[in-house]
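Notes to accompany the following structure.
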Amino acid sequence: MRRFRIRKDEGCISCLRCARECSFGAIEAGEDRTLVFHHEKCTDCQRCVSCCPAGAIFITEDGNRFRHGSVFTDDDIREILLQAETGGVLLSSMGASGKDIPIYFDRLLLNASQVTNPSIDPLREPMETAVFLGRRPEGIQRDSEGRIVDNLPPHLELRTPIMFSAMSYGAISLNVHKALAAAAEELGTYWNTGEGGLHESLYPFKGSTIVQVASGRFGVHETYLNTAAAIEIKIGQGAKPGIGGHLTGKKIIGDVSKTRMVPEGLDAISPAPHHDIYSIEDLAQLVMSIKEATHHEKPVIVKVAAVHNIAPIASGIARSGADIISIDGYRGGTGAAPKRIRDNVGIPIELAIASVDQRLREERIRDRVSVIASGGIRNSADAVKAIALGADAVSIGTAALCALGCHVCASCHTGRCAWGLATQDPQLTGRLDPEKGAARLINLVNAWTREIKEIMGGMGINSIEALRGNRMALRGAGLNEKELEILGIGYAGE
Amino acid sequence: MKKEGEVRISSGCAISGIFCRNGKRITGEAIRKSIAVMHNRSNGLGGGFAAYGIYPQYSDFFALHIFYDSQSAREETERFLDKRFDIINLSKIPVRQTPKIPDPPLIWRYFITPLPHLLQDSQLDEDEYTSRAMLRINDSLKGAYVVSCGKDMGVFKAVGYPEDVADFYRIEEYEGYSWTAHGRYPTNTPGWWAGSHPFSLLDLTVVHNGEISSYDANRRAVEMYGYPCNLLTDTEVITYILDYLTRKQGLTLRECSRVIAAPFWTTIAIKDEEERSRLSYLRKMYSSFLITGPFSILVGFRGGMMALNDRLKLRSLVAAEKGGTVYFSSEEAAIRVIEDDPDRVWAPRGGEAVIVTLDKEAAV
């Protein structure tokens with residue numbers, strides 16, 4: 001179904017580069033070095049535009065539109081036509097598109113110091129962004145000579161409050177994993193394997209790796225669990241709360257098959273629930289089993305999607321023995337999800353973090369656990385706002401992929417990613433040089449960290465922990481009273 | 001217009017403190033003179049004093065100083081106290097009426113001790129039993145406000161310039177071994193009596209100059225542990241944090257200073273291994289209580305005083321010594337006016353607590 005139009009202007013030098021770059025078959029070389037455009041196949045991934053040496057090609061929205069003025073929009077009608085033809089569930093990828101659901105980050109404004117206290121210049125004074133994630137005991141212990149005994153359970157130490165979200169090998173390429181791992185190590189933060197196992201070539205990045213245990217248990221074995229700084233139990237993700245995953249057999253080839261421990265060509269299906277977790281007490285047992293398997297040397301993270309009753313869910317997780325709770329919001333990305341689920345299930349991360357942080361405080365256990373926020377963090381200001389609402393740190397998935405070239409065309413589920421990220425086609429995966437990719441990820445996170453320091457300094461805050469849950473740093477604009485109440489903030493001007 | 005307590009008000013300030021290590025009890029005249037020098041650092045919207053060693057004849061009992069908006073608030077509060085405590089003595093606090101201190105509330109003093117059978121049933125120690133009752137008065141009894149509730153100590157505060165507050169309370173008639181004073185410069189409020197400093201819980205008093213940028217992170221953390229913050233002032237939060245860390249968590253004041261004015265990670269990194277692990281433990285364990293932004297505080301406690309600056313030293317704080325007496329102040333002039341020939345004058349470094357205590361033989 002045609003959404004976009006591919007156009008070129010007189011600058012075209014007929015080098016046919018665009019045709020070579022297009023992995024969706026939308027641009028083909030015809031006879032006599034002419035270009036043939038199959039507009040209906042274009043995903044607007046912008047690969048051709050970025051690669052055109054003459055700057056002669058561009059993509060526009062298709063000018064044709066269906067009759068307006070009806071309850072049914074263009075997209076509604078297109079989707080009905082598609083489903084009437086195929087009888088299938090609509091697939092999509094990346095984050096939810098719900099246009100009428102507010103992006104609350106954009107309605108939050110940050111504070112700054114004026115007169116009554118000084119702002120702090122990050123170029124002149126130390127500005128601390130280090131974060132420690134993990135459990136804290138209820139009190140101190142002293143030895144017989146009165147010295148404090150270190151009774152802290154294992155922690156993750158981050159030099160900056162930005163981590164990379166879980167993206168599995170299979171959904172994305174090994175080169176992406178390589179770039180993420182190398183960048184995380186250099187940045188002093190962590191990357192996350194997702195549920196597809198850890199390729200052996202990445203074992204040396206053990207100290208910067210979080211390995212995931214999801215419902216399919218793909219690639220989970222003792223060495224895997226112990227080749228990590230922390231283990232994440234994935235209950236759900238923001239893009240598709242309540243449902244499992246499905247990696248088609250055509251992506252289960254070669255090393256993906258070996259790493260996932262799934263036979264080649266066989267679909268890898270993650271069940272919707274973990275079949276050993278049907279309730280919160282089961283989660284406590286899995287947390288404990290994993291701690292036993294890793295000799296109580298590593299923190300355990302439990303990742304959940306932000307759903308309606310996220311506050312009591314988080315409270316239950318905090319009491320399950322988990323060290324860190326990771327909450328993925330409504331706009332969280334994915335490599336493939338049913339479109340209806342992606343766009344209609346779950347709640348925005350801003351509201352989820354605010355209500356979880358508040359609930360954990362009311363239950364007096366906020367200091368016992370750490371909280372990671374993800375799902376639609378687009379820039380450093382979003383990260384600062386998430387922390388001021390109550391998160392210890394944030395993690396980024398889509399933003400990291402963008403640093404590697406992604407233009408969010410939301411076609412990951414096709415496996416034809418022209419940027420070589422969400423694909424296993426060796427012709428395409430080679431388009432990402434892991435070293436160059438790592439350098440770009442490092443640049444991105446360093447840039448955000450600099451901006452975070454600048455924002456903190458403006459507020460007179462010189463350590464990130466003094467920003468955590470500091471809701472007075474935020475004011476709302478364009479929000480109703482209920483929204484302000486849930487976010488726990490005042491209105492701008494108040 | 002919202003008054004303080006309903007909205008957070010920032011303020012600048014002057015602070016001053018005198019501590020006699022040898023336990024010698026001096027009248028309030030010296031501290032009045034000292035804080036009066038810094039008249040310009042206040043704007044007449046708040047002043048106050050804390051004194052230790054002033055009630056030796058009642059030193060086993062909790063001394064309550066309470067503000068009441070009305071007689072009915074007093075009657076209700078006295079009924080509340082009577083159910084839970086033995087009231088050994090009660091009286092109005094004597095004041096000298098002056099036009100400079102208008103509209104005072106009713107100001108009462110009580111010496112109380114927990115009823116033994118209730119204390120036993122509560123399974124709490126008497127400090128916790130008493131502090132919970134006092135927090136409850138402040139949180140839920142309308143028109144009643146507990147100004148101080150420690151033993152052998154008291155807080156005298158009002159809306160006005162500190163020297164006028166001293167005259168109002170006749171503090172020259174009290175003798176104590178430890179005095180702190182505060183002059184306030186709130187930015188935009190009519191000022192109210194309870195919002196003045198010192199702020200206090202049990203034996204702990206805090207006077208504070210600054211505006212902390214970590215306020216809401218700290219407030220939300222300490223509220224979690226049963227300290228409702230009603231005044232929305234920095235000082236209230238700092239007092240509760242110190243009470244929580246010392247009395248509930250068992251930290252020393254020196255350790256507390258490493259939590260609230262924690263050394264930078266880069267500083268911790270160059271310490272020897274034992275110190276490094278101690279300091280990083282305190283930062284990780286109590287990260288919610290790191291205080292950022294400018295502050296200089298004087299913390300009074302039974303038998304001692306702590307002076308502490310924020311870790312960047314964004315507020316002035318000077319210390320001096322003469323014989324067995326230690327002085328702290330926002331400005332050196334406020335020390336020199338009462339001791340013109342100190343043995344030593346110095347500016348404590350940011351984050352470096354100066355803690356003084358009574359000499360052993362002088363311990364009360």
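Please report the antiparallel percentage of DSSP beta bridges with both residues in the protein assembly as shown, rounded to the nearest 5.
Details: 95 of 127 bridges.
Roughly 75 percent of the DSSP beta bridges within the protein assembly as shown come out antiparallel.
Calculate the dipole size of the protein assembly as shown relative to its Cα centre from +1 charges on Lys and Arg beta carbons and -1 charges on Asp and Glu beta carbons; express the result in debye to the nearest 20.
Details: 99 positive and 106 negative charges, 237 e Å.
In total the dipole reaches around 1140 debye.
Give the relative contact order (percent, whole number) for chain B; include only Cα pairs under 8 Å separated by 6+ residues. Provide the component values of the computation, followed by the final result.
On the way: 869 pairs, mean separation 93.9, N = 364.
This gives 26 percent for chain B.
Using Cα atoms only, what is the angle between the long axis of helix A:74-86 and the major principal axis of chain A, expressed in degrees (0 to 90) to the nearest 10?
Tilt of helix A:74-86: around 70 degrees.
Taking the alpha carbon gyration tensor of chain A, what are the square roots of 5 times its eigenvalues, largest first, to the nearest whole Å?
Numbers: eigenvalues 296, 150, 107 Å².
So the equivalent ellipsoid measures 38, 27, 23 Å along its semi-axes.
If each residue's Cβ is checked for other Cβ atoms within 10 Å, how do A:ASP382, A:ASP255, B:ASP341 rank with the fewest at the top? Don't jump to the answer; show the numbers that get you there.
Working: A:ASP382 23, A:ASP255 15, B:ASP341 6.
Ascending Cβ contact count within 10 Å gives the list B:ASP341, A:ASP255, A:ASP382.
Percent antiparallel among DSSP beta bridges with both residues in chain A, to the nearest 5? Intermediate values should be presented prior to the final figure.
On the way: 21 of 52 bridges.
If I count the DSSP bridges inside chain A, around 40 percent turn out antiparallel.
If we count other beta carbons within 10 Å of each Cβ, what is the order of A:SER23, B:SER16, B:SER140, fewest first?
Working: A:SER23 22, B:SER16 32, B:SER140 11.
Starting with the residue having the fewest Cβ neighbours, the order is B:SER140, A:SER23, B:SER16.
Need one word for the stretch B:1-147: rounded, prolate or oblate. Basis is the Cα gyration tensor (sqrt eigenvalues a ≥ b ≥ c); a/c below 1.5 gives rounded, then a/b vs b/c decides. Let's see the in-between values first.
Values: a/c = 1.90, a/b = 1.33, b/c = 1.43.
Oblate.
Please report, in debye to the nearest 20, how large the charge dipole of chain A is about its Cα centre when each Lys and Arg carries +1 at its beta carbon and each Asp and Glu carries -1 there.
On the way: 55 positive and 59 negative charges, 113 e Å.
Here chain A has a charge dipole of around 540 debye.
Computed FRET efficiency, Cβ-Cβ of A:ARG159 and B:LYS248, R0 25 Å: what is it to the nearest 0.05? Mind showing how you got there, number by number?
On the way: r = 32 Å, r/R0 = 1.28.
Calculated value: 0.20.
Any idea what the relative contact order of chain A is, in percent, if you count C-alpha pairs under 8 Å spaced at least 6 apart? Please report the intermediate quantities before stating the final value.
Numbers: 1070 pairs, mean separation 94.7, N = 494.
Across chain A, relative contact order equals 19 percent.
For a test of the definition: using alpha carbon positions, the gyration tensor, and the 1.5 limit on a/c, classify chain B as rounded, prolate or oblate. Write out the running numbers ahead of the final one.
Values: a/c = 1.38, a/b = 1.18, b/c = 1.18.
It comes out rounded by the Cα gyration axes.
Normalised by the number of residues in the stretch A:4-65, what is the relative contact order in percent for Cα pairs under 8 Å and 6+ residues apart?
On the way: 100 pairs, mean separation 28.4, N = 62.
Answer for the stretch A:4-65 is 46 percent.
In square nanometres, what is the average projected area of the Cα convex hull of the stretch B:9-75?
Values: hull surface 29.4 nm².
Reported value for the Cα convex hull: 7.4 nm².
Find how much the distance from B:THR267 to B:GLU75 grows on full extension, using 0.36 nm per residue of separation minus their present alpha carbon separation; answer in nm with one decimal.
On the way: separation 192, 0.36 × 192 = 69.12 nm, distance 5.45 nm.
Length difference between fully extended and current span is 63.7 nm.
In peptide A:455-465, how many Cβ atoms from other protein chains are near each Cβ within 10 Å, on average? Please list the in-between numbers first.
Working: counts 0, 2, 0, 0, 4, 9, 7, 10, 11, 3, 12.
Per residue, the number of nearby Cβ atoms from other chains is 5 on average.
I'd like the FRET efficiency for A:ASP74 and B:ASP121, computed as 1/(1 + (r/R0)^6) with the beta carbon distance as r and R0 of 60 Å, rounded to 0.05. List each step's numbers first, then the result.
Values: r = 72 Å, r/R0 = 1.20.
Using R0 = 60 Å, I get an efficiency of 0.25.
Can you tell me how much longer the chain between A:ASN480 and A:GLU292 gets when fully stretched, taken as 0.36 nm per residue apart minus their C-alpha distance, in nm with one decimal?
Extra length available between A:ASN480 and A:GLU292 comes to 62.9 nm.
Which one, A:CYS52, A:ALA473, A:ILE310, projects farthest toward the positive side of the charge dipole computed for chain A from Cβ point charges (K/R +1, D/E -1)?
A:CYS52
Do any of A:LYS303/B:LYS284; B:LYS33/B:LYS157; A:LYS298/B:LYS248 go past 18 Å between their Cα atoms, and which?
Check vs 18 Å cut-off fails for A:LYS303/B:LYS284; A:LYS298/B:LYS248.
In nm, to one decimal, how far is the modelled label at A:GLU454 from the one at A:PHE66, with both set 7 Å along Cα→Cβ?
4.4
Quick check on the exposure proxy: order A:THR414, A:THR86, B:THR325 from fewest to most C-beta atoms within 10 angstrom. Display every interim value, and only then the final one.
Working: A:THR414 16, A:THR86 9, B:THR325 21.
Ordered by Cβ neighbours within 10 Å, fewest first: A:THR86, A:THR414, B:THR325.
Specify which residue in the list A:THR43, A:GLY11, A:ILE27 is farthest towards the positive end of the charge dipole of the stretch A:4-65, using unit charges on the beta carbon of Lys, Arg (+1) and Asp, Glu (-1), about the Cα centre.
Of the candidates, A:THR43 comes out farthest on the positive side.
Could you check the spin-label model distance between A:ASP143 and A:ASP100? Points 7 Å from the Cα along Cα→Cβ, value in nm.
According to this spin-label approximation, the distance is 6.5 nm.
Kindly identify the stretch A:190-266 as rounded, prolate or oblate by the Cα gyration tensor criterion: order the square roots of the eigenvalues as a ≥ b ≥ c, call it rounded if a/c is under 1.5, otherwise compare a/b with b/c, prolate if a/b is larger, else oblate. Numbers along the way, then the final one.
On the way: a/c = 2.09, a/b = 1.14, b/c = 1.84.
Oblate, because a/c is 1.5 or more while a/b does not exceed b/c.
State, to one decimal in nm², a quarter of the convex hull surface area for the C-alpha atoms of the protein assembly as shown, i.e. the direction-averaged projected area.
Numbers: hull surface 167.7 nm².
Taking a quarter of the hull surface, the average projection is 41.9 nm².
How far is it, in nm, from the label point at B:GLU172 to the one at A:ASN443 when both lie 7 Å from their Cα along the line to the Cβ?
With each label point 7 Å from Cα toward Cβ, the separation is 7.4 nm.
As an exercise, identify the GluC sites (Glu not before Pro) in the stretch B:5-98 lying in DSSP coil whose Cβ has no more than 15 other Cβ atoms within 10 Å. Please report the intermediate quantities before stating the final value.
Values: sites: B:GLU6, B:GLU29, B:GLU75, B:GLU76, B:GLU78; in loops: B:GLU6.
Hits after loop and neighbour filter: B:GLU6.
Binning at 5 Å from 0, report for the stretch A:4-65 what percent of all alpha-carbon pair distances ends up in each bin.
4, 20, 33, 27, 12, 3, 1
Every read-out reported here was derived from the displayed coordinates using simple, explicitly stated rules and does not represent laboratory data. All values derive from a computational prediction rather than experimental measurement. Every residue, glycine as well, gets a Cβ built from its backbone with ideal geometry; the counts of neighbours run over all protein chains shown.
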